[in-house]
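To keep things clear, I will list the structure first and then write my remarks on it.
The values are calculated or read from the model by the stated rules, or taken from the named source; none is laboratory data. Just so you know, these numbers come straight off a predicted model, no measurement behind them. Ideal geometry is used to build each Cβ from the backbone, glycine not excepted, and the neighbour counts take in all protein chains shown.
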Amino acid sequence: MHDVKHTSRCFCTALLAVVVLAACEPSPPSSPGGTPPEATAVPQETAVREAPRYDDGLVRFDRIAGEKGYWGQASVSALVETGVELPMNDTGLLDDLADAARIAPFRPWALALYEHRQRNGLADDPTRFCLPPAGPRHMHAPGGFRIIQDRNFDRVYVMFGGGNRNWRVIFLDGRDPPDPEEVVGTYYGYSSGRWDDDTLVVESSGFNARFWFSNGGLPHTEALHLTERFSRPDYHTLRYEVTVDDPYTYTRPWNAEWTVAWVDDGTIPEQFCEDNR
Amino acid sequence: MPSNKISAVLGLAGLLGLALQAEAHHSFRSQYDADQPVTFTGIVTKVEWMNPHVYFYIDVENEQTGALENWGFEMGPPHMLQQRGWKRNSMLIGDEVEVHGTRARDGSTTANARRVALTSTGQVLGAASSEGQTITSGDPPAN
Amino acid sequence: MTRQTHRKLATAALIAATTFAGLALTGTQAQQSTSETTRPAPRWPDGRISFTGPPGEVGNWGGPPTSTLANHYREGALGDSGVNLETNLDAEDVPFQPWARDVYEYRQATFTKDDPHTRCKPSGGARLFHTPYGFEILDLGVEIIFVTVGAPHSWRVVHLDRTDHPADPEPSWYGHSIGRWEGDTLVIDTVGFNDRFWISRGGFPHTTRLHTIERISRPDFNRLRYEITIDDPGAYTETWSGGWYIPWIAGNEPFDYLCQENNLDAARMVGPDLDADAGE
């Protein structure tokens, strides 16, 4: 029996939870001279630990030397258009299939396929064959992840603990995406990123259509284009926003967003989907 | 027995050679029989641009039985083929191709493609596959 | 000053002052030599050796698929390699337990047809280091991460910030690795392996008692020297070592590769007909 979750929870709620978590942390390094708050103290905004930064001021999405940790639980269990709240379980299976059309602006074939996948209990999920929960799905699927910035080659690696412990790479050197007429679609696509102040903005294309990009079985075609925005409003919170643009599957571009909580002092255990095959 | 001392010169040559060599994620000899070279000309019926190896399939006529057979050919991974000049539309369903390769050990109508030539243009494309070959163009191998 | 402005002003300093963990490579040593064959390994500003390229000189390490952990000269599944370490044993001199020798001989005689790697299984031990398509070595200071395109598009962590292993690690493909620097050599001590992979492409067997010590160095810009000591009393009568050189592939970049996508090989890796061969 899966726990029922509600998607698109208020970001402020997540932030408050982080405030509580941060308040319970011993001696936040960001305020080495301060007095650690009492565990029972009323959370104060000032108790929130700031996101770490490199010496040059760039925000850092991974752990800092001397500490452990990784990105763990997402505040949602599947992509749902921003502003919509629907009850579903932690695999993205809707409590009420009649809600399906509210998930996203489906084209008719896509809605029919999504409903089929839901009715089928998600039995055709490619992850059952150890194919990756690629795209935004990795950002809310179990297993956790790390975001490692390779300043030397100007890349970002996202290392996943779920699925088959894969990784994706985001190039930050300003390169153009591949020619869509020539690219061979892949699971993680081709990602090119840039900084918009403290937000990493990533454009991805070049996907194949053989994976589900969300829990629950949202369909897509090779025309899928994602715009992802990663930010770290505080030490314990990753904010993730994604715009899904696939005109063959959806009638218009649409957005989803959620937060992911930092797991203090944690290390992603070694698990492979292939363990059980 | 040869000495296990390998000279630095040979080591360096090996390194440089490997940088150019085709590679695979499996043992070539366990899957293909070097004593069974094959050459076919046929019409492409399917192309699978997927990892770990691109496969394409052609219809060929069995010279002994006259029956039409569908043969599958393994090449390198998509990324490596692209590095060697292949594009997704380099080979399309309906194209006639000439293929030199090595037949699978399991007796199926499967082979490892070493050289692929498009009949319409004569363009020769290496297959970036697992037989330790470096051919990307030029004359066909001696089989 | 805004953070954005601050970041722009810091760009020049960034090249010399930062990496994943706060450092970046200098290209000065590289420029001192005009010969690619003798070009020295790059170093970080603090003098520590680097296992990647200077900024702007992308590339990664290409696991040589013909390398072997011990030399063998008979007709077999893998050809002898010019990239093996000069100190490698001959395969017949490897201190096998009898059962392990039989397993190794069978795997060789069948041209490694049962290789778990070909079934998309993770490649622990030395197997990772001769897997094709390239791998990156991310030096985060307190940890090293091997990022592999193949084998199977995953990442292995070496902890440089601890000196001991967990008391009873859960058996895993990569095991639990702790590392330290001995001069310019990265020394990695690993325990906690499962027994579901092959130590090397050639098929050396092991048990869950496997303990490895890997020594990785970069004798020059274009080569990584990889050596592994096998300590597994379940499969070998004494410890032994082997390894190979790994070439730097200039210009190579990581790419998307999923073994599970359309893996038709496993069912077709039938190997030679041993009965027929025996009757010849």
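General observations
- Test: residue in region A:172-181 that is at pLDDT 95 or above, in a strand (DSSP E or B) and under 30 Å from A:Lys68 (Cα atoms): no
One line per residue, one yes/no per condition, for (1) over 18 Å from C:Trp244 (Cα atoms); (2) within 14 Å of chain B (Cβ to nearest Cβ); (3) basic (Lys, Arg); (4) touching a residue at least 24 places away in the same chain (Cβ under 8 Å):
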position	(1), (2), (3), (4)
C:Asp114	yes, yes, no, yes
C:Gly134	no, yes, no, yes
C:Ile145	yes, no, no, no
C:Trp155	yes, no, no, no
C:Val158	yes, no, no, yes
C:Trp173	yes, no, no, yes
C:Ser177	yes, no, no, no
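- Near pairs, Cβ below 6 angstrom, 6+ apart or cross-chain, from region A:53-80 (within 11 Å of chain C (Cβ to nearest Cβ)) to any residue that is among the hydroxyl-bearing types (Ser, Thr, Tyr): A:Tyr54/C:Thr18; A:Arg60/A:Tyr54; A:Lys68/A:Thr267
- Members of region B:87-96 found to be surrounded by 13 or more Cβ atoms within 10 Å (Cβ to Cβ) and more than 9 Å from every other protein chain (Cβ to nearest Cβ), listed by number: B:Ser90, B:Met91, B:Asp95, B:Glu96
- Flag if A:Phe272 is within 14 Å of chain C (Cβ to nearest Cβ) and either of a type in the set (Gly, Ala, Ser) or within 30 Å of B:Lys87 (Cα to Cα) (or both): no
- Residue within region C:225-247 that is in a loop (DSSP other than H, G, I, E, B), within 14 Å of another protein chain (Cβ to nearest Cβ) and of a type in the set (S, T, N, Q) present: no
- When A:Arg194 is tested against (1) under 18 Å from the mean Cα position of the chain (by Cα); (2) more than 10 Å from chain C (Cβ to nearest Cβ); (3) in a loop (DSSP other than H, G, I, E, B), exactly one condition is not met: (3).
- Scan of region C:170-186 for residues that are touching a Ser or Thr at 6+ places or on another chain (Cβ under 6 Å) and either crowded, with 18+ Cβ neighbours inside 10 Å or farther than 16 Å from C:Arg209 by Cβ (or both), ordered by number: C:Gly175, C:Ser177, C:Asp184, C:Thr185
- For region A:211-228, the condition holds for at least one residue, the condition being that it is in a strand (DSSP E or B) and either within 14 Å of chain C (Cβ to nearest Cβ) or surrounded by fewer than 17 Cβ atoms within 10 Å (Cβ to Cβ) (or both).
- Residue in region A:173-186 that is buried (at least 23 other Cβ atoms within 10 Å of the Cβ) and either more than 13 Å from chain C (Cβ to nearest Cβ) or among the hydroxyl-bearing types (Ser, Thr, Tyr) (or both) present: yes
- Unmet criterion (only one of (1) at pLDDT below 95; (2) buried (at least 18 other Cβ atoms within 10 Å of the Cβ); (3) out of contact with any helix residue (DSSP H, G or I) (no Cβ under 7 Å at 6 or more places or on another chain)) for C:His159: (1)
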